[in-house]
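Written out below as structure tokens is the structure these notes cover.
The values are calculated or read from the model by the stated rules, or taken from the named source; none is laboratory data. Note that the structure is predicted; figures quoted are calculated from it, not measured. FYI the Cβ positions are ideal-geometry reconstructions off the backbone, even for glycines, and counts take in every protein chain you see. With ligands, DNA and RNA removed, areas are computed over all heavy atoms of the protein, side chains included. Shrake-Rupley method; radii C 1.70, N 1.55, O 1.52, S 1.80 Å.
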Amino acid sequence: MLVESAEGTGGTPETAALRVLRRVFGYDAFRGQQEAVIEHVVDGGDAVVLMPTGGGKSLCYQIPALVRPGTGVVVSPLIALMQDQVDALRALGVRAGFINSTLDFDQRRVVEAEFLAGELDLLYLAPERLRLEATTALLDRAKVSLFAIDEAHCVAQWGHDFRPDYLSLSMLGERWPDVPRVALTATATRATHQEIVQRLGLSGARDFVASFDRPNIQYRIVPKNDPKKQLLRFLKEEHPGDAGIVYCLSRNAVERTAEFLCRNGIEAVPYHAGLDAGTRAAHQARFLREDGLVVVATIAFGMGIDKPDVRFVAHLDLPKSVEGYYQETGRAGRDGQPSTAWLAYGLQDVVQQRKMIENGEGDPAFQRRARSHLDAMLSLCETVSCRRGQLLAYFGQAPEEGAAQVSCGNCDTCLSPPESWDGTVPAQMVLSTVVRLKRERGQKFGAGQIVDILLGRRTAKVIQFDHDTLSVFGIGTELGEAEWRGVVRQLIAQGLLEVEGEHGTLVLTDASATVLRGERQVRMRKDPRPAAVRSEAAGGSRQRKGSVPADLPEEARPLFETLRAWRAQQAREQGVPAYVVFHDATLREVAVRRPATLGELGGITGVGEKKLATYGESLLAALAEGAQQDPGAEPVDAEPAGAEPAQTAPAEDGSWAEAVTVPSTPA
Ligand code: ADP
Ligand code: ZN
């Protein structure tokens, strides 16, 4: 089953790979580097594929597995998702199976028999399974067409998802030297890339590195004031009824936030490692199957979740690294539709994370790594230039030369450029307060006390330690509480203050002296007024929506909703996630083009031969019924039926601005 390619310039040459793409997956053309990777692997080459989430990595091994003789073995760390992955492939007519600990003895024997009989195109396995002699012996007894190592960054200790079981995968190349291997990940730092190559013995492999830009994701990092309320407002105004993920650092915060959202009319479920396995699985399954559920989770949630229509990822706590942030936010918008990555970030985050590193476990090398990860994350938060530009630069992907590079037009700093200001004098005030607290009292204090002193507040703690007698007492009344906290936060981020010990004591660094002596200027980011960012960002996303070709014209919306209801019904009957039936993008195209025949339906993106046979008639019937009932589905140039709710702009009621000045107390 080698690749045949037609000659000549007249027609499009159709390789075996392209034929599979069209017939099985229902797509017209390859994206980005897919074709190059597939060709290389089909020819028996090893490959390392670095592509962002949603970039289309799966096809890079699924199609070679379908083209090459034998079974493609996919190593994936997430057994909980294998069933869905296999269901999705079977819905396309691909002969797929998995072996993991959720199968009982008889079920496993069935899959093994299928593999031995050469009846599987793809077999999914967890990495720990490959350590078993029984598994390797099984693989020896039939033809393996390729090994795909998914989530390959799990082999890297530098990364954020290290899994020791991945280390043993280096044996694949030794034991089956003739079977091509393809390692895939959405993590793109050079360090992780090198570790993958080295630890998996892939130095002879060809590297395919895609652009890591996710243009449909709008990146926003906002000052944290009253996080739960900010989140609620974000969800209600920008993502009502949308599916999304809210990340929190602690299990406790996860529980409280999920309850809070439910109390406020948003359907949300918690997910963290402290819940029993049954509850976790149930919540994950609901998220995958239902339209519009919010999962509030620790970072235990999300890897390998390939739900295409996650519309937002919100962080209520600072991620520990840019890698983590990029991975987590990357779970939004796999389908290429407009999505939001929203992070609320404040002084307390910085103090807390620094404390966790200082007091945490791990050898000095580990702590150094953790510190440099955090520093990069802080610098992303404090940047006054384009967030996307900085993210890409972190992954070694400088924006293309040219004028457009300074502004992506779809992140908060581009939509509402923050000013920077000369914060040297306020910095000196903070630093000299720290000096006095240390020198004069021998006691150690955190940020709250310093801000109280500068603002001249006679709190109980200020009086107890006679801090109202210090020369710096009350010298900082020109700035407000929130601004002072911003100054302290940026001093820490810039390495001019350090957090020490379990109480988060602030101490000077070697660099502080130059500021105190007036030898160094301190530039600071002026946090933009949140109201401005929000409305401009929302306006920006509306504008973008109109220009995304895959997006839905108003008059097609009722029909799209009808199709969604039809899809939900199908998914329920078959016990699969809705997206396994059809993706939103496919339903959109159906709602707009309104195919009348099976032939026309087959021409729509995402409708391959198997799905056409399974759902074609039923979908056409639903479409005909919907079009009949719905005046909005009359010919496209007719006036919309007037049932459409007006697009309301976010209210500029000032209550947001109020929230900014509410003094935030450290939790
Ligand atoms: P990744 O694993 O890199 O995150 P996926 O393999 O899940 O990405 O693909 C992301 C989405 O893009 C999926 O919905 C997939 O069906 C779709 N897709 C992939 N390749 C193509 C293509 N060539 N044409 C159209 N859609 C594609
Ligand atoms: Zn930008």
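Return the calculated 222 nm mean residue ellipticity for the chain, to the nearest 500 deg cm²/dmol, obtained by summing -39500 (n - 2.57) across DSSP H runs with n ≥ 4 and dividing by the residue count. Walk me through the numbers on the way to the answer.
Values: 28 runs with 298 residues, N = 667.
Using -39500 (n - 2.57) per qualifying helix, the result is -13500 deg cm²/dmol.
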| field | Within region 71-99: backbone nitrogen closer than 20 Å to the residue 137 label point (7 Å, Cα to C-beta) | value | 99
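Report the charge-dipole magnitude of the chain in Debye, nearest 20, computed about the Cα centre from +1 at each Lys and Arg Cβ and -1 at each Asp and Glu Cβ.
Values: 74 positive and 88 negative charges, 331 e Å.
Value, rounded to 20: 1600 debye.
Go through 325-335, 617-627, 116-126 and give me the packing order, highest mean Cβ count within 10 Å leading.
Output ranking for 325-335, 617-627, 116-126: 325-335, 116-126, 617-627.
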| request: Starting from the Cα gyration tensor of the chain, take the square roots of the eigenvalues, sort them a ≥ b ≥ c, and report rounded, prolate or oblate (rounded when a/c is under 1.5, otherwise prolate if a/b is larger than b/c, else oblate). | output: prolate
| message | Students often check this: by mean Cβ neighbours within 10 Å, which of 293-300, 76-83 ranks highest, and how do the rest follow? | response | 293-300, 76-83
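How high is the relative contact order of the chain? Use alpha-carbon pairs under 8 Å, at least six apart in sequence, and give a whole percent. Don't jump to the answer; show the numbers that get you there.
Values: 1105 pairs, mean separation 87.6, N = 667.
So the answer I get is 13 percent.
How high is the relative contact order of region 554-635, in percent, with contacts defined as C-alpha pairs under 8 Å that are six or more residues apart? Numbers along the way, then the final one.
On the way: 74 pairs, mean separation 32.7, N = 82.
The normalised contact order for region 554-635 reaches 40 percent.
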| Ignoring ligands, DNA and RNA, what percent of the 1.4 Å accessible area of region 421-527 is carbon and sulfur? | 46
| For the chain, what is the accessible area per residue in Å², given a 1.4 Å probe and the full set of protein chains? | 44
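Probe radius 1.4 Å, ligands and nucleic acids left out: which of 320, 307, 224 has the largest accessible area, and how do the rest follow? Write out the running numbers ahead of the final one.
Values: 320 105, 307 5, 224 45 Å².
Accessible-area ranking of 320, 307, 224, largest first: 320, 224, 307.
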| query | Going 7 Å from the Cα of residue 236 toward and past its Cβ, which residues in region 255-291 have a backbone nitrogen under 20 Å from where you end up? | reply | 256-269
| Over the heavy atoms of residue 463, what accessible area does a 1.4 Å probe trace out, to the nearest 10 Å²? | 90
| How much of the accessible area of region 174-305, in percent, comes from carbon and sulfur atoms when a 1.4 Å probe is used? | 48
| task | With the full set of protein chains in place, find how many percent of the accessible area of region 42-155 is carbon and sulfur; take the probe as 1.4 Å. | result | 48
| task | Note down the relative contact order for region 6-209 as a percent, whole number, built from C-alpha pairs under 8 angstrom at least six residues apart. | result | 28
